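Encoded as structure tokens, the structure appears first; notes follow it.
The values are calculated or read from the model by the stated rules, or taken from the named source; none is laboratory data. Keep in mind it's a predicted model, so treat the numbers as computed, not measured. Note that we place each Cβ from the backbone using ideal geometry, even for glycine, and neighbour counts take in every protein chain shown.
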Amino acid sequence: MKMYMDDTAIIGGGATGLCIAYYFKKLIYYKKKDLTIIEASPDVGGLAGYTTVQGELMEKFYHHIFQTDTNIIELINELGLGNKLYWVDDYASMYDGTYKFKYAGPIDILKAPILNPYEKLRLITVLAFFIYYPGTKYLKKLTAYEWGERFLPRNVNEQIIVPLLKAKFSTYYKDIASVWLRSRFESRGKSKGKLGYMEGSFAPVFEKLKEKLIEEDVKFIFNKSVPFFPKNKIIDGKKYYKLIYTTPVPTKLSPIEYLGALSLIIELKVPLMADYWLSITDKDNPPFLVIVNQSYINKKLKNVYYLSGYYKMNSDIMKRMSQGEIESLFFTYLKKIFPKFDKSDVIKTHLFKKDYAQPIVGLDYEAKIPPFMDRYRNSRPNVLIVNMSQIFPQDRGMNYAVKLAKYFVLNNYI
Ligand SMILES: Cc1cc2nc3c(=O)[nH]c(=O)nc-3n(C[C@H](O)[C@H](O)[C@H](O)COP(=O)(O)OP(=O)(O)OC[C@H]3O[C@@H](n4cnc5c(N)ncnc54)[C@H](O)[C@@H]3O)c2cc1C
């Protein structure tokens, strides 16, 4: 069987896989390498993959960037797409089962009806210290829940911090590392109330990367799911010298656990809300945890909303419920938040689910992060792992996928 030392397959055509190939071709131009990207689905994009709604491209799961996301902003400019990037005000609100209130900044917190004046002041002071004080050593030993219990009045922890953690981590909310929460507040806080989006969605970034890679003779194989780990690195009869997995390692082979994500995109006859973002912090088991108003960020879309949440990968909603059952559950709850909502207002729906959407970042997370190669070096030479589980303490996201890919390339792992 013919095989060259430079035959490399990148498994996964999401942001990380595409960026590894892109930076390799751009920065390591003096090395010749035969690169193939093998992707299980029919196109590139991964979790940031897109669909068409009302003739406009939009992500299957809501996406925006922060002003602190310098790696992806630089990439967008490099690809000549900088003129498509625009910034809108972060208009975020919270619904706690009774009240709906804005929470994009300190002024909003001061207006929140669920906290008394002392609690509001305490929350603002503690958050400012949390975000801007550089020493995070003491935080390493604390979960976000414990941090909240220690530094915030109980009501603030229960009403604000716990629901936010639940929205992202479901029943794992008590396990999440406080350094993760800190970095989450930091990105949003330092983004100065602005969220970035692109004309025509982030799809042009992925399309441009694909186009550039094809020009550089990178091959693409779609609709091919590569097993972990193929014997002798042979995929479809071709033997590769190096395999770079940008996909999450399945939980049976890795100590890192993940949640899946589900999004139901709804197109309505009438507007639901003016806000961009509504976090559902209701303690009473809401079926979805966020409503994102895509028409706020893309004015060409009319009354288009995501109803979305993170769920255990083997839960009924991810694996067994029909689309009709999910819609019925979601619409009943939607009426609780917006009593004027009526099912007959729904023109069209689009349902998307993805496993391995969010790693669960507990206190011992750092120790579980797989290195690019060492752990597998002896048993699996030249099988490398570069995936979102290696992003910490920041929340995984497109910006950090770009950063991780660049770091991997510049440190000569490829
Ligand atoms: C609900 C939700 C909201 C989000 N919001 C934002 C946001 O606002 N801003 C932001 O920056 N980020 C956001 N993200 C995160 C962002 O989408 C991801 O961090 C980023 O897209 C990850 O890229 P990746 O290439 O590392 O992984 P993935 O996108 O998961 O790519 C991995 C690819 O590998 C493929 N694959 C998997 N298994 C195999 C196999 N066995 N063989 C071949 N191919 C395989 C998959 O199909 C996929 O295309 C969000 C994610 C979700 C789920």
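Does residue 66 meet the test of being within 12 Å of the ligand (Cβ to nearest atom), farther than 20 Å from residue 224 by Cβ and not aliphatic (A, V, I, L, M)? So that I can check it myself, show each step before the final result.
Numbers: within 12 Å of the ligand (Cβ to nearest atom): yes; farther than 20 Å from residue 224 by Cβ: yes; not aliphatic (A, V, I, L, M): yes.
The answer is yes for residue 66.
Check segment 394-412 and report whether any residue there is part of a helix (DSSP H, G or I), more than 14 Å from the ligand (Cβ to nearest atom) and under 20 Å from residue 23 (Cβ atoms).
yes
In segment 139-151, is there at least one residue being more than 26 Å from the chain's Cα centre (by Cα) and modelled with pLDDT under 85?
no
Considering (1) in contact with a Lys or Arg (Cβ under 9 Å, 6 or more places away or on another chain); (2) within 30 Å of residue 84 (Cα to Cα); (3) modelled with pLDDT of 95 or more, say which one residue 313 fails and leave the rest.
Failing condition for residue 313: (2).
Within segment 112-121, identify whether any single residue is among the β-branched types (Val, Ile, Thr) and within 16 Å of the ligand (Cβ to nearest atom), and answer yes or no.
To start, the set of residues in segment 112-121 that are among the β-branched types (Val, Ile, Thr) comprises 114.
Now restrict to residues that are within 16 Å of the ligand (Cβ to nearest atom): none.
There is no residue in segment 112-121 that is among the β-branched types (Val, Ile, Thr) and within 16 Å of the ligand (Cβ to nearest atom).
Among the listed residues 51, 98, which satisfies the condition of being free of Cβ contacts under 8 Å to residues at least 24 places away in the same chain and either within 24 Å of residue 216 (Cβ to Cβ) or more than 13 Å from the ligand (Cβ to nearest atom) (or both)?
From the options 51, 98, the qualifying one is 98.
If I go through segment 230-244 residue by residue, how many of them are buried (at least 17 other Cβ atoms within 10 Å of the Cβ) and within 15 Å of the ligand (Cβ to nearest atom)?
5
Tell me yes or no: at least one residue of segment 88-103 is at pLDDT 90 or above, of a type in the set (A, V, I, L, M), surrounded by fewer than 22 Cβ atoms within 10 Å (Cβ to Cβ) and in a helix (DSSP H, G or I).
no
Could you look through segment 257-282, keep only residues that are more than 16 Å from residue 310 (Cα to Cα) and not in a strand (DSSP E or B), and pick out the one that is nearest to the chain's Cα centre (by Cα)?
276
Do we find that residue 348 is part of a strand (DSSP E or B), basic (Lys, Arg), within 16 Å of the ligand (Cβ to nearest atom) and at pLDDT 95 or above in this structure? Please lay out each step first, then the result.
Working: part of a strand (DSSP E or B): yes; basic (Lys, Arg): yes; within 16 Å of the ligand (Cβ to nearest atom): no; at pLDDT 95 or above: yes.
So residue 348 does not fit the description; no.
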